[in-house]
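Below is one structure, written out as structure tokens; comments come after it.
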Amino acid sequence: MIPFKDYPGPRRRVPWVTWGLIAANVVIFLYQVSLGPLAQAFMFAYAMVPVAVVNGIPQTMLPGVPANLPFHTPEPVYLTLITSMFLHAGWLHIAGNMLFLFIFGDNVEDRMGHLPYLVFYLFCGLVASLAQLVIDPSSVIPSLGASGAIAGVLASYLVLFPWARVRTVIFIFVFFTVVTLPAILLIGLWFVLQVFDGVAGLTTVQQGMGGVAYFAHIGGFVTGLVITWLLRRQLQPEAPISYPFFPRHPRSIS
């Protein structure tokens, strides 16, 4: 399921934080690509490696890691819980994450306000990384990507705009169709799939099912859901009218 347009109603402000987060992720990813063969070393140095965080040792200093790596993990190593949110493993990885952030982030930012939304986003990403760490604290596999933080944004959207209509492309093998789904169904089904795949990934039969950090998604989603539910009455009400994409002087003529 690939959403490409939503109809949650008006918004009152330009989503500078959402756009800024997208820009930051894209710029960092393009820098990764420009590194060529060194990109893997860059991602390893700044990703979250559970065993390194648990032991408080930068992963570039772990036993067995070459000493001549061109990049070094920031110290303290706990900073990788943040830096890992801005790394992506490939074009499809970043394209999917940024699409979901673009579709669902602006209206959540509108209800929360710019700075609270940024703090909320980073906190959801932080808890997402910790959730993945708790599941396998001895893992040496780098965990990276914005999907844990974005999962928190999806949960917040679900609480604030459960019946918003979302235009979605659904693929069935080689066929596809475009449908309009309520957010509660689209996002709810997405979360159910994360739980199912996460639990399946814990079994020995499914150990090779891929490198998706399902429990980071679950941790970020639950965090966003709880925070938004508890604070929903303190958030700004829905906007009565929608402001333009770019701000204009109040006296300007449309």
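For region 156-203, what is one quarter of the convex hull surface built on the Cα atoms, given in nm²?
Orientation-averaged projected area of the Cα hull: 4.2 nm².
For the chain, what's the relative contact order in percent, using C-alpha pairs closer than 8 Å and at least 6 residues apart?
29 percent
Using just the C-alpha positions of region 61-105 as equal point scatterers, what log10 of I(q)/I(0) does the Debye formula give at each q in 0.24, 0.25 1/Å?
With one equal scatterer per Cα and no solvent, log10 I(q)/I(0) is -0.93, -0.95.
Sort ARG167, ARG111 by accessible area with a 1.4 Å probe, largest first.
ARG167, ARG111
Kindly sort ILE170, ILE150, ILE57 by accessible area of their heavy atoms, largest first, with the probe set to 1.4 Å.
ILE57, ILE170, ILE150
With the crude spin-label approximation of a point 7 Å out along Cα→Cβ, what separation in nm comes out for LEU30 versus THR180?
Going from the LEU30 label point to the THR180 one covers 3.6 nm.
What residues have an amide H closer than 5 Å to that of SER139, excluding those fewer than 5 places away on the same chain, when H is modeled at 1.01 Å from N in the peptide plane?
Those lying under 5 Å, H to H, from SER139 are VAL51.
Note the direction-averaged projected area, equal to a quarter of the hull surface, for the Cα convex hull of the chain, in nm².
Spelled out: convex hull of the Cα atoms, projected over all directions, averaged, 16.4 nm².
Pick from PHE102, PHE175, PHE196 the residue whose mean-square fluctuation is largest in a GNM of the chain, springs joining Cα atoms under 10 Å.
For the chain, modelled as a Gaussian network with Cα springs under 10 Å, the answer is PHE175.
Where in the chain are the helices, taken as whole DSSP H runs, whose Cα atoms extend 18 angstrom or more along the long axis and whose Kyte-Doolittle mean reaches at least -1.0?
Qualifying helices: 16-34, 91-112, 114-135, 147-160, 183-201, 214-231.
Using every pair of alpha-carbon atoms in region 1-108, split the distances into 5 Å bins beginning at 0 and state the percent of pairs per bin, rounded to integers.
Over region 1-108, the share of Cα pairs per 5 Å bin runs 2, 11, 18, 18, 16, 13, 9, 6, 4, 1, 1 percent.
Can you tell me the FRET efficiency between THR83 and ARG232 if r is taken as the Cβ-Cβ distance and R0 is 35 Å, rounded to the nearest 0.05?
That gives a FRET efficiency of 0.70.
The values are calculated or read from the model by the stated rules, or taken from the named source; none is laboratory data. As the structure is a prediction and not an experimental result, all values here were calculated from the model. Glycine gets a Cβ as well: all are built from the backbone with ideal geometry, and neighbour counts include every protein chain shown. For accessibility, only protein heavy atoms count, side chains too; no ligands or nucleic acids. Shrake-Rupley method; radii C 1.70, N 1.55, O 1.52, S 1.80 Å.
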